[in-house]
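Structure first, then comments.
What follows draws every value from the coordinates through simple rules; no lab data is involved. Since the structure is predicted, the reported quantities are computational estimates derived from the model, not experimental observations. Reconstructed Cβ throughout: ideal geometry from the backbone, glycine too, with neighbour counts over all protein chains shown.
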């Protein structure tokens, strides 16, 4: 009898380990200027738990990061965390510094390819530049995300600050970063594009 019980315990399936969702971003995802628990990535973890979706969110976002930094950091992150899903939210600092959009596109493409090679599903998160950067440069910048998403066949959030960037009450004094009140809206901008990947 004891042997039978031991066998049943041994054969019982172990609880499945939570899958990992890796966020590689810049200050918009690193909760710049606020408590990290107020940021949209922390709110995402809470929403996943509330909806009983078994994912552990790893936020590897660093304020000031460029796509070149992200490309350098990504391979060890993939090796360590083995994510099922990778959210890439980078490019804003490339644009603000006037860096090469050709290089930015190359870097984002390489990041997407690296994640896909590790069998991760990818969500690309787009940002836009302030109006003072001019229509030509800003338009080319915005198209980088669209072109990469189309070429790589990955999901795209067109603009994470949609419905936020034009409202002063939802932005920090620098006019670039969303404040704590805007973080739930940022998550709502991401969620419809992320949900099908879960």
Looking at (1) assigned to a helix (DSSP H, G or I); (2) in contact (Cβ under 8 Å) with a residue 12 or more places away in the chain; (3) over 24 Å from residue 38 (Cα atoms), which is the one condition that is false for residue 184? (3)
Residue 192: passes all of (1) surrounded by fewer than 19 Cβ atoms within 10 Å (Cβ to Cβ); (2) part of a loop (DSSP other than H, G, I, E, B) but (2)
Those residues of segment 33-70 which are touching a strand residue (DSSP E or B) at 6+ places or on another chain (Cβ under 7 Å) and in contact (Cβ under 8 Å) with a residue 24 or more places away in the chain amount to 44, 48, 54, 55, 56, 57, 58, 59, 60, 61, 70
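Specify which of the listed residues (112, 86) is buried (at least 21 other Cβ atoms within 10 Å of the Cβ) and more than 26 Å from residue 137 (Cα to Cα). Break it down stepwise before answering.
Numbers: 112 fails: more than 26 Å from residue 137 (Cα to Cα).
Result: 86 is the single residue among 112, 86 that is buried (at least 21 other Cβ atoms within 10 Å of the Cβ) and more than 26 Å from residue 137 (Cα to Cα).
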Of the residues 71, 156, only one is within 16 Å of the chain's Cα centre (by Cα) and under 19 Å from residue 186 (Cβ atoms); which? 156
With 163, 139 as the choices, which residue is exposed (fewer than 14 other Cβ atoms within 10 Å of the Cβ) and closer than 23 Å to residue 97 by Cβ? 139
Of these, 148, 127, 144, which one is touching a residue at least 40 places away in the same chain (Cβ under 8 Å), in a helix (DSSP H, G or I) and either within 25 Å of residue 179 (Cβ to Cβ) or touching a strand residue (DSSP E or B) at 6+ places or on another chain (Cβ under 9 Å) (or both)? 148
